Structure formats: structure tokens, C-alpha cells
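Take a look at the structure below.
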Amino acid sequence: MAIRIPSPSTSTSGFSRYEDATDEQLLALMRLGDDRALEQLVGRYRGLIWRVVKTYLGTLNEAEDILQDITLSLHQNKDAYREGSAKFSSWLYRVTVNRCLDILKASRSKASHIEILETIPDALPSAEEEMEKSQLAAKMSELLALLPAQQQRVLSLYYYEGYEVTEIGTSLLLSETAVRALMKRGKEKLRQLHMAYFL
């Protein structure tokens, strides 16, 4: 959805053209409701958005939609970007990456709950081995909810939403080593919970 650009203001703060304004000046005007400042700000990083989309999706088919989605998000929530948390370009990069990951996620088939069980060693009580897989899958969903939030999120992204380890790291701002460590601890905890659940 395109944002309508109003007529230029007759008075801007410290610059004569929008193109000459800093990111901070454009952000300040955007928060005052200046849609042209918003368009200028996002448009300034069109090339960045295009490069990220091409890298993650391999095509630019979604690039314009992603740009308009980000523009609309900022238009509706002018505090979506918080100054001081990161440079606007860094924030925009992360948002674009997450949009790309959402698109990739939607195009993949979600993994079965059973896939987690298959990564757990088979040293389980015989009573569990005899249970129907559908029952185990339902119990596993309950057990996942008992994990610490970060472990739960990493395992859900990997097994249920089809994310790669590198994509999880990008989405959660974690290193690949940290993601793998969280997965290992999460699976160990699942084994413990799984054993205890049926005792």
C-alpha cells in the first residue's frame, strides 16, 4: 500500500531540501506526521533493501512489497524505530531480513512434531516406545512449553518453521554457536522432561 506524499512543507528545520536532511531530521519530521520525510527516509535505503531481498530470496519479486510494508509499518507506528537502540540503517536491515525470513517460512512445509522425537536417542522406557506417535507428538508440544523461552523459540524455529541455524541466528541476533548451544541444551532438557513425564 503506497503512502500518499503531501505537498512539500514551506519550512524545514536546518535544511532546504528533504534530500539534504540527515536520518535524524527525517525521523523527527516523520514523527510529526510528515509522510514525505518518511518516503525520503525509506527510499534512501532502497538499495540496501534490494540487496537483502536478493541475498535471502534470490529474486527481487518481493522487494517492492517489502519496502511498502516497512513504510506502512512506520507510518502506522512512528515509534517502531527507537533512536539510540541502533542506527536507522541497521534497524532497517534487521527488519528487512525478518520480512524475508517470514516469506521463506511461509513457503516451506512445517516439520512434524515427530521430528524432534527422532533427534532424541532411543534409550527411552519401553512403555514410551509402544505409544502411538500421535500421542507422543501431542505430549511433545506440551513439553516444549516447559522449556526456557529462548530454547523453546530456537527449537520451534528449527523444527516447526523450517529455519536454518544461520537464519535463526539472524532473526534472534545470536551467533551460530549460541544457536547450536541453545538447541543442544533444549534437546537435553526435552529428554529429561520426556523421561519424567511418563514415570
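Observations, loosely collected:
- Convex hull volume of the Cα atoms of the stretch 18-107, normalised per residue: 89 Å³.
- Amide N proximity, the stretch 60-91 versus Thr22 label position 7 Å along Cα-to-Cβ, cut-off under 19 Å: 81-91
- Under 13 Å, Cβ to Cβ, from Leu173 - net charge with Lys/Arg +1 and Asp/Glu -1: 0
- Contour excess over end-to-end distance, with Cα ends at Lys105 and Glu176 and 0.36 nm allotted per residue: 23.7 nm
- Straightening the chain between Thr59 and Leu32 buys 6.2 nm, computed as 0.36 nm per residue apart minus the Cα-Cα spacing.
- The residues neighbouring Ala21, those whose beta-carbon lies less than 11 Å from its own, together hold a net charge of -2 under the Lys/Arg +1, Asp/Glu -1 convention.
Values quoted throughout were computed directly from the atomic coordinates according to the rules given, and no laboratory measurement underlies them. Values in this document were obtained by computation on a predicted structure and should not be read as measured data. All Cβ positions, glycine included, derive from the backbone under ideal geometry; neighbour counts span all protein chains shown.
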